[in-house]
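Beneath this line is the structure, given in structure tokens, with notes to follow.
The values are calculated or read from the model by the stated rules, or taken from the named source; none is laboratory data. Source: prediction; values computed, not measured. Every residue, glycine as well, gets a Cβ built from its backbone with ideal geometry; the counts of neighbours run over all protein chains shown. When the accessible area is computed, the model is the full protein with side chains, heavy atoms only, and any ligands, DNA or RNA have been set aside. Shrake-Rupley method; radii C 1.70, N 1.55, O 1.52, S 1.80 Å.
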Amino acid sequence: MQNVPVEFQNAHGYAERSKVELRMRGKSWFVNLKHSPRSRGRPRASLRYGWHQFCVDNGLGVGDTCFFRALGEGSAGEVHLLKVEVRKRDGSFLV
């Protein structure tokens, strides 16, 4: 599971979305957004089902950092596209 920062989810309407598409190194992964209630009335979104496979396929581990860039809407506006770049714990980037 990967939590989505509140500012990012608000900017891209994640409260109304159920899926995102992650793109990295010419491949795509579809990941479900899980919505959870939170204190002060603001729901929290997290990348869930599909996130684990993304991590496994790209050899992600503790200490690696993911950078997400919003690319916009996918087909029919149902899926939001995110470009992902990864910096490994040793400082190198996955290319």
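Key figures
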item	result
Residues being of a type in the set (Lys, Arg) and over 17 Å from Glu78 (Cβ atoms) - total across region 1-47	6
Strands (runs of 3 or more DSSP E) contained in the chain and holding at least 1 residues open to solvent by 80 Å² or more (accessible area, probe 1.4 Å) and at positive phi	none
Test for Arg44: is it in contact with a Ser or Thr (Cβ under 6 Å, 6 or more places away or on another chain) and at pLDDT 95 or above	no
